[in-house]
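I have placed the structure first, in the form of C-alpha cells, so that the comments after it can refer back to it.
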Amino acid sequence: MKAKNLLAILFPSIIMAMVVLVCFQNIFGFDALHIKGLMLYALALLFPIIFFIQGIISALTKTNFFIGILVSTLIFLLTLVLYMNSSALGYSLVYLLFGSLGYLLSKFFTKPKACKK
C-alpha cells in the first residue's frame, strides 16, 4: 500500500485519537471545564471537518473511500465506548454524511484528464 493511500485512510483516526487522549487522559493538566469544552468543540466542529477532508483526500488520491470511512468510524465508535456515552452515537451518522459529501464534491469538481492521442 502506498504512503498516500495509508495517509488518506488513517488521517482522521490519528487526529481523533490524539484529541480524545488529550481530553480524557488529561495529558496537559487542563481543568474539567476546558476538557469538556474541547471535547464538545471536537464533536461538533473538528471531527466533521476531518471527515470532510478525508473524503476529499480519498477522491484526489483515488483511495478506497469505504475503507477509510470504515476505519475512521470504528475509531470513533471505540472512543465512544471507552470514554463517552451512547448519546454521541448520532454524531457518527453526521460524520459519515460529511465524509461522503467531501468525497462526492471532490469527485464532481475534479475533471478527468483527457486521453492523449
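No value in this document is a laboratory result; all are computed from the given coordinates. Here the structure is a predicted model, which means the values were calculated and not measured. Quick reminder, even Gly has a Cβ in these numbers, built from the backbone with ideal geometry, and neighbours come from all protein chains shown.
So what is the calculated 222 nm ellipticity per residue for the chain, using -39500 (n - 2.57) for each DSSP H run with n of 4 or more, over all residues, to the nearest 500 deg cm²/dmol? Present the calculation step by step, with values, prior to reporting the outcome.
Values: 5 runs with 87 residues, N = 117.
Counting only the DSSP helices, I get -25000 deg cm²/dmol.
To the nearest ten degrees, helix 89-109 and the longest principal axis of the Cα atoms of the chain are 20 degrees apart.
Taken about its Cα centre, the chain carries a charge dipole of about 960 debye when Lys and Arg each add +1 at the Cβ and Asp and Glu each add -1 at the Cβ. The phi torsions of region 17-25, fed into the Karplus equation with coefficients 6.51, -1.76 and 1.60 and a -60° offset, translate into couplings of 4, 5, 5, 5, 5, 4, 6, 9, 9 Hz, rounded to whole numbers, with Gly and Pro shown as x.
Given a Förster radius of 35 Å and the C-beta distance between L78 and L104 as r, what FRET efficiency does 1/(1 + (r/R0)^6) yield to the nearest 0.05?
Numbers: r = 27 Å, r/R0 = 0.76.
For R0 = 35 Å, the calculated efficiency reads 0.85.
Along region 9-15 the Karplus relation, 6.51 cos²θ - 1.76 cosθ + 1.60 evaluated at θ = phi - 60°, assigns HN-Hα couplings of 7, 9, 3, x, 4, 5, 5 Hz to successive residues, with x for each Gly and Pro.
Out of every Cα pair in region 16-117, what percent are spaced more than 18 Å from each other? Each step should come with its number before you reach the end.
Numbers: 2708 of 5151 pairs.
Summing the P(r) of region 16-117 above 18 Å gives 53 percent of all pairs.
Between the alpha-carbon centres of region 40-108 and region 9-26 there is a gap of 13 Å.
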